[in-house]
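Asks: This is the structure I have questions about; it appears just below.
The values are calculated or read from the model by the stated rules, or taken from the named source; none is laboratory data. Everything numeric in this text was worked out from a predicted model, so none of it was measured. So basically every Cβ, Gly included, is an ideal-geometry build from the backbone, and we count neighbours across all protein chains shown. All accessible areas refer to the heavy atoms of the entire protein, side chains included, with ligands and DNA or RNA removed. Shrake-Rupley method; radii C 1.70, N 1.55, O 1.52, S 1.80 Å.
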Amino acid sequence: MSVLTQLTIAQARDGLDKKDFTSAELASAHFDAIEAANPSLNAYLLMTREQALSMAAASDARLAKGKGGALEGIPLGIKDLFATKGVRTTACSHILDGFIPAYESTVTQNLWNAGAVMLGKLNMDEFAMGSSNETSYYRPCVSPWRREGDDAKLAPGGSSGGSASAVAARLAMGATASDTGGSIRQPAAFTGTVGIKPTYGRCSRYGMVAFASSLDQAGPITRTVRDAAIMLREMCGHDAKDATSANIAVPDFEKALGKKLKGLKVGIPKEYRVDGMSPEIDALWEKGIAWFKAAGATISHVSLPHTHAALPAYYIVAPAEASSNLARYDGVRYGLRVNGSDIVDMYERTRAEGFGTEVRRRILIGTYVLSAGYYDAYYLKAQKVRSLIKRDFDQAFESVDVMLTPTTPTPAFALGTKSANPLEMYLNDIFTVTVNMAGLPGLSVPAGFSADGLPLGLQIIGKPFDEETVLRAGQVIEDAGGPCRAPQAWWTETPKAAAAKAPAKTKAAKPAKSSKKRVDDG
Amino acid sequence: MQVDEALVRHIARLARMKIEGAQVAGLEQELTAIFGWVEQLNDIDTAGVEPMTGVAGLKMRPRADAVTDGDCAETVVKNAPLSEDNFFVVPKVIE
């Protein structure tokens, strides 16, 4: 494996500045790594090699003139939720078959404006609905991590499973991701990567395939807190194309990492000590508390009494907004069309075939809770509960600067072990979903390992628009525990088997079911 | 709450999604379980609580009432499964 793929964004930035290597070399090293790993991991749905090499050449030209941007020449993976002009974007749904956007999402455009290079599009749960990447139409992405002495395929988490898997496996230096109920932070925790969901409104949602508009927020997945700070700064910013985008100055998050931390007040919400939490997670949390004490922080216990209500309220609000957002997929303007006896039959057949099981389930839940006579009992009630959740945080943040919690109640689970029971899968988000409901920034940082060798994450929750303090606190965890080591590259251990599959290597991932011809570009 | 076959079919119709025979029974069970689970919200006193309408407390500002886009019909229909002369083509709606 090339040493270039092991570099952090900050290291690569310095190396490019010093002309130790070129952006084209960085991109090529990543494509070599992707070709070796992707048949096993299925992280990339498609690679945009030509585009990457031309972007890298342009970066090298700018670097030669000393005019590089903040991410000049840095190769990144893009979650398939972000519209990329001229490059297929499906949100891993059959219903968006062959959709080629004529526009670029604001978040990705911001990254390209900063000089970043696109490697390709990354696997995810269909429409970001899932916690294991198993709802993807293009088959699940696999975690690069395995339990010690066990080669069971593990979930990389979801919905940003491809982003987390690619960054952990050194197939991208960073990746875009999105978080509606934990979809950045849970996969980051499962894969030993760093993931931050900024305050709602920090990143423009323009060009992001919508799931639940009042909760969706973009953010990066990287390998260090510093890299998260670097990438997040470029992703954020006011955008007139998104009415919910915050017109608030974006600070230099990287600079904030250097600020002194002594006297930081860290809250420990007692309601997060839930039944069924693994003892390892509990021990990890205690270790995190000890690290903050050692760093000079003050620890206090806080109460968020409506924590238990967040998940059920989320499973009203998110499906309601999803059912409304996904009404646009009707077989008329883009994507899949299944012909029927009349126009309504066409809609019904298209939507039945185009949406997967989990998406159909959530559309039905959302349709019901918004239907005549039930709106007050469900949606309005959930939005009132949401106000109470937000109020809990507001009150707790009067006495603390950040909160420290585990990111997930358990380490990563094996693919196929939770997909049969939707409710069990939903419980994965128990520590992350509160943050979306209140619109707060949340960061997951690797903090240790389970007994069988799987990475575990701790979460920092901050005040609205105070990502600086959140990242500084995250740096404490990383400094104490060290950045997560790379997973063992088991996918390169059988060169014969890999060589036998060589012809399939460079092609885009095939969908699980056969269907009519699709367009794979790049 | 018990979700029965009639309700599943009613919601599916509202959502414009065809649900085939075998899927109905599974959905009855799953939706019954999920709606049963969210009913715990009824135990929370929300009297006098305003429903949340925005997390960030930011005011939306109206933009200028000006044309910012257009003259791109060809681009708009480019991804359509079926189009003709820059119109979307759908099955006949009016007899």
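Asks: For the stretch A:347-365, what are the residues that are touching a Lys or Arg at 6+ places or on another chain (Cβ under 6 Å) and within 7 Å of another protein chain (Cβ to nearest Cβ)? Give the derivation first.
Replies: Within the stretch A:347-365, the subset touching a Lys or Arg at 6+ places or on another chain (Cβ under 6 Å) is A:347-352.
A:347, A:348, A:349, A:351, A:352, listed by residue number.
Asks: Go through the stretch A:347-358 residue by residue and tally those that are crowded, with 24+ Cβ neighbours inside 10 Å and either within 18 Å of residue B:7 (Cα to Cα) or of a type in the set (Ser, Thr, Tyr) (or both). If you could, list the steps in order and put the result at the bottom.
Replies: Within the stretch A:347-358, the first condition is being crowded, with 24+ Cβ neighbours inside 10 Å, and the residues that meet it are A:347, A:350-351, A:354-355.
Next, only the ones that are either within 18 Å of residue B:7 (Cα to Cα) or of a type in the set (Ser, Thr, Tyr) (or both) stay: A:347, A:350.
Count: 2.
Asks: Starting from the stretch B:81-95, take each residue that is outside any loop (DSSP other than H, G, I, E, B) and list its partners that are modelled with pLDDT of 95 or more and open to solvent by less than 100 Å² (accessible area, probe 1.4 Å), counting only C-beta distances under 7 angstrom and pairs at least six apart or across chains.
Replies: Once the first residue is outside any loop (DSSP other than H, G, I, E, B) and sits in the stretch B:81-95, its partners that are modelled with pLDDT of 95 or more and open to solvent by less than 100 Å² (accessible area, probe 1.4 Å) give B:83/B:77; B:83/B:89; B:88/A:332; B:88/A:333; B:88/B:77; B:88/B:80.
Asks: For the structure I just gave you, tell me whether residue A:158 is buried (at least 24 other Cβ atoms within 10 Å of the Cβ), under 26 Å from residue A:251 (Cα atoms) and either more than 14 Å from chain B (Cβ to nearest Cβ) or not hydrophobic (A, V, I, L, M, F, W, C) (or both). Can you show your working first?
Replies: Working: buried (at least 24 other Cβ atoms within 10 Å of the Cβ): yes; under 26 Å from residue A:251 (Cα atoms): no; either more than 14 Å from chain B (Cβ to nearest Cβ) or not hydrophobic (A, V, I, L, M, F, W, C) (or both): yes.
When the stated conditions are applied, residue A:158 does not pass them.
Asks: Does the stretch A:470-491 contain at least one residue that is surrounded by 19 or more Cβ atoms within 10 Å (Cβ to Cβ), at pLDDT 90 or above and within 14 Å of chain B (Cβ to nearest Cβ)?
Replies: No, every residue in the stretch A:470-491 fails to be surrounded by 19 or more Cβ atoms within 10 Å (Cβ to Cβ), at pLDDT 90 or above and within 14 Å of chain B (Cβ to nearest Cβ).
Asks: Now, a different point. Among the residues of the stretch A:325-346, is any part of a helix (DSSP H, G or I), at the interface with chain B (Cβ under 7 Å from one of its Cβ atoms), closer than 19 Å to residue A:129 by Cα and touching a residue at least 60 places away in the same chain (Cβ under 8 Å)?
Replies: Within the stretch A:325-346, none of the residues are part of a helix (DSSP H, G or I), at the interface with chain B (Cβ under 7 Å from one of its Cβ atoms), closer than 19 Å to residue A:129 by Cα and touching a residue at least 60 places away in the same chain (Cβ under 8 Å).
Asks: Could you figure out which of (1) open to solvent by 20 Å² or more (accessible area, probe 1.4 Å); (2) touching a strand residue (DSSP E or B) at 6+ places or on another chain (Cβ under 9 Å) isn't true of residue A:82?
Replies: (1)
Asks: With the requirement that a residue be over 22 Å from the mean Cα position of the chain (by Cα), open to solvent by less than 60 Å² (accessible area, probe 1.4 Å) and facing another protein chain (nearest Cβ under 8 Å), what does the stretch B:1-48 give you?
Replies: Within the stretch B:1-48, B:41, B:44, B:46 meet the criteria.
Asks: Related question: Looking only at the stretch A:1-39, which residues are of a type in the set (Asp, Glu) and surrounded by fewer than 16 Cβ atoms within 10 Å (Cβ to Cβ)? Let's see the steps before the verdict.
Replies: Going residue by residue through the stretch A:1-39, those that are of a type in the set (Asp, Glu) are A:14, A:17, A:20, A:25, A:32, A:35.
Once the filter is applied, which keeps residues that are of a type in the set (Asp, Glu) and surrounded by fewer than 16 Cβ atoms within 10 Å (Cβ to Cβ), the stretch A:1-39 yields A:14, A:17, A:20, A:32.
Asks: Looking at this structure, is residue A:379 at the interface with chain B (Cβ under 7 Å from one of its Cβ atoms), hydroxyl-bearing (Ser, Thr, Tyr) and within 29 Å of the chain's Cα centre (by Cα)? Don't jump to the end; show me each part of the working.
Replies: On the way: at the interface with chain B (Cβ under 7 Å from one of its Cβ atoms): no; hydroxyl-bearing (Ser, Thr, Tyr): yes; within 29 Å of the chain's Cα centre (by Cα): yes.
Against the criterion (at the interface with chain B (Cβ under 7 Å from one of its Cβ atoms), hydroxyl-bearing (Ser, Thr, Tyr) and within 29 Å of the chain's Cα centre (by Cα)), residue A:379 does not qualify.
Asks: Anything in the stretch A:370-384 that is in a loop (DSSP other than H, G, I, E, B) and open to solvent by 50 Å² or more (accessible area, probe 1.4 Å)? List them, or say none.
Replies: Initial filter on the stretch A:370-384 (in a loop (DSSP other than H, G, I, E, B)): A:371-375.
A:372, A:373, A:374, A:375, listed by residue number.
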